[in-house]
Amino acid sequence: WRITHGISAALIVCFVLFHLGNHLAGWLGAEAHTAVMQAGRTVYRIPLVEALLVGLLLFQAVSGVRLAWRRSGLPADGYGAFQIGSGAYLSAFIVTHLTSALISARWVRGTNTDWSWATGAPGGLIYDDWNIRLLPHYLFGVFFILAHLASGLRQVLLAHGVGSGMANRIWFAGLGCSGLVASVIILGLVGARV
């Protein structure tokens with residue numbers, strides 16, 4: 001399960017990095033975000049590609065819960081506990097994000113899941129009493145996606161003979177980058193521009 005979970009993650013990571021890059025483009029304005037999104041949609045909205053991507057994401061959520069369940073009864077250091085916890089959060093995040101964006105917005109309401117949708121227009125994410133809940137949702141979602149990847153990378157490095165000191169430093173750097181990227185995306189979603 002661990003190996004198939006990792007292989008599936010390797011396939012998904014291209015989309016995830018594109019998706020986060022798309023949100024970072026929001027720093028250049030809604031038009032830049034839309035241009036990047038439209039370019040990406042020419043690939044990931046192809047029905048077969050989209051079905052494969054959704055299937056892989058759901059597999060990640062289910063296999064992640066299974067892995068977490070199996071490891072939760074075993075002794076774990078702080079790194080292992082973080083990997084289990086971040087994975088558990090991501091399983092819930094994947095399901096809620098797919099439910100919100102794909103099922104509720106696109107299929108049920110026919111809403112374009114564009115910049116306006118992501119930023120809670122017209123009220124915005126900060127000043128709307130309902131939309132403000134999305135700030136921690138997005139912040140933790142982005143942070144834990146990247147931090148969980150850093151945790152997986154740490155495991156791969158250790159398995160390939162990299163010393164624990166170096167693997168741990170890379171992991172901490174990954175956490176720092178995860179926090180930075182998550183914060184920058186949130187700032188862009190609430191109106192920060194370059």
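The values are calculated or read from the model by the stated rules, or taken from the named source; none is laboratory data. The shown structure was predicted, so the numbers you read here are calculated from the model rather than taken from an experiment. No Cβ is skipped: glycine too gets one built from the backbone with ideal geometry, and neighbour counts run over all protein chains shown. Keep in mind that these areas ignore ligands, DNA and RNA; they rest on the heavy atoms of the full protein, side chains included. Shrake-Rupley method; radii C 1.70, N 1.55, O 1.52, S 1.80 Å.
Restricting attention to segment 139-194 and to residues that are of a type in the set (S, T, N, Q) and either under 19 Å from ILE84 (Cβ atoms) or modelled with pLDDT under 95 (or both), the residue that is nearest to the chain's Cα centre (by Cα) turns out to be SER178. Taken over segment 46-62, the residue count meeting the criterion of being open to solvent by less than 30 Å² (accessible area, probe 1.4 Å) and not aliphatic (A, V, I, L, M) is 1.
What tally of residues in segment 7-45 results from selecting those that are over 22 Å from TRP117 (Cβ atoms) and surrounded by fewer than 16 Cβ atoms within 10 Å (Cβ to Cβ)? Counting residues in segment 7-45 that are over 22 Å from TRP117 (Cβ atoms) and surrounded by fewer than 16 Cβ atoms within 10 Å (Cβ to Cβ) gives 5.
Within segment 143-152, is even one residue surrounded by fewer than 18 Cβ atoms within 10 Å (Cβ to Cβ) and in a helix (DSSP H, G or I)?
First pass over segment 143-152, keeping only residues surrounded by fewer than 18 Cβ atoms within 10 Å (Cβ to Cβ): none.
No, the conditions are met nowhere in segment 143-152.
Is it the case that PHE82 is surrounded by 15 or more Cβ atoms within 10 Å (Cβ to Cβ), within 20 Å of LEU17 (Cβ to Cβ) and aromatic (Phe, Trp, Tyr)? It would help to see each step written out before you state the result.
Numbers: surrounded by 15 or more Cβ atoms within 10 Å (Cβ to Cβ): yes; within 20 Å of LEU17 (Cβ to Cβ): no; aromatic (Phe, Trp, Tyr): yes.
Answer is no for this residue.
Can you confirm whether segment 83-97 contains a residue that is farther than 21 Å from PHE143 by Cβ, out of contact with any Leu (no Cβ under 6 Å at 6 or more places or on another chain) and not β-branched (Val, Ile, Thr)? Checked segment 83-97: no residue is farther than 21 Å from PHE143 by Cβ, out of contact with any Leu (no Cβ under 6 Å at 6 or more places or on another chain) and not β-branched (Val, Ile, Thr). Considering only residues in segment 99-124 that are part of a loop (DSSP other than H, G, I, E, B), without any contact (Cβ under 8 Å) to a residue 40 or more places away in the chain and farther than 15 Å from LEU135 by Cα, the one that is least open to solvent (accessible area, probe 1.4 Å) turns out to be THR113.
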